[in-house]
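Structure first, commentary second.
Derivation of every value follows stated rules applied to the coordinates shown; laboratory data play no part. In this text the structure is predicted, and so the values were computed from the model without any measurement. Quick reminder, even Gly has a Cβ in these numbers, built from the backbone with ideal geometry, and neighbours come from all protein chains shown.
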Amino acid sequence: MKAPTELVARLNAKATAMPLMERLKALRDALTGEIIFTTRFGVEDQAITHTIATADLDISIVTIDTGRLFSQTHDLWARTEARYGIRVRPFFPDADALETLVTQQGVNGFYRSVSARKACCETRIFDPLSLALVEAEAWVTGAQDGLSNESERASLASLDEGFKLVKMNPVYDWTHAQALAFALENRIPINDLHSQGFISIGCAPCTRAIDPQGPKGACHWWWEDEAGQSRN
Ligand code: SF4
């Protein structure tokens with residue numbers, strides 16, 4: 001591929017004005033290697049899955065099953081595979097590492113401190129994510145504005161310094177309401193939790209329904225105050 005920085009600049013210059021499908025096609029056309037889309041089965045993710053599946057784009061759809069997902073997420077996973085005739089490839093935490101983590105910190109030890117929570121996320125999310133992306137040339141996500149870091153939401157495409165690949169969020173500029181409207185219009189299956197006030201879908205013990213007018217960040221890890229201290 002072209003130098004990643006050049007590709008990122010080109011995608012941001014040309015594809016930002018495009019609709020979702022064209023954005024994904026622009027990324028696919030620019031690369032020859034594997035492109036991985038990691039879904040968490042939120043409505044934004046479902047819009048991307050729908051687009052990849054209906055346009056038959058050569059983009060692999062994978063998910064990280066942390067072992068603490070909502071049952072509604074597994075239900076949607078199955079409904080999505082049935083609707084589109086696809087298989088969403090799962091990546092799981094390493095069994096030995098998980099056993100060590102839970103033995104050391106307890107089954108809900110992540111409530112106890114920020115470091116314990118980060119250790120849990122490392123084992124259950126980031127280590128399997130690293131495996132999922134090991135061969136990838138680019139990474140597609142549906143991370144929502146306000147729930148990800150500044151660099152992720154600043155532009156359509158970016159360079160992921162950690163994984164050393166091109167990262168694209170093709171719905172980076174959508175609102176949650178836009179994603180819901182797109183899903184309704186295209187009869188895309190969505191997570192039942194959205195109708196209960198969940199704007200983001202993550203692990204069950206660490207995600208909650210929130211006031212749609214309030215800060216989006218309050219839906220995850222709400223027990224940690226701004227100084228990074230655990231309240232439990
Ligand atoms: S979100 Fe919560 S349960 Fe999931 S990996 Fe992180 S700390 Fe663990």
Among the residues of the stretch 93-118, which ones are surrounded by fewer than 12 Cβ atoms within 10 Å (Cβ to Cβ) and within 22 Å of Val62 (Cβ to Cβ)?
-> Ala95, Asp96
Pull up the stretch 189-227, narrow it to residues that are part of a loop (DSSP other than H, G, I, E, B) and among the small types (Gly, Ala, Ser), then point me to the one that is farthest from Tyr84 (Cα to Cα).
-> Ala227
Of all residues in the stretch 35-59 being small (Gly, Ala, Ser) and without any contact (Cβ under 8 Å) to a residue 40 or more places away in the chain, which is nearest to Glu81 (Cα to Cα)?
-> Ala53
Residues of the stretch 90-124 that turn out to be away from the ligand (no atom under 12 Å from the Cβ) and in contact (Cβ under 8 Å) with a residue 40 or more places away in the chain, as a count = 1
Kindly provide the set of residues from the stretch 119-144 that are surrounded by fewer than 16 Cβ atoms within 10 Å (Cβ to Cβ) and more than 17 Å from the chain's Cα centre (by Cα), ordered by number.
-> Glu135
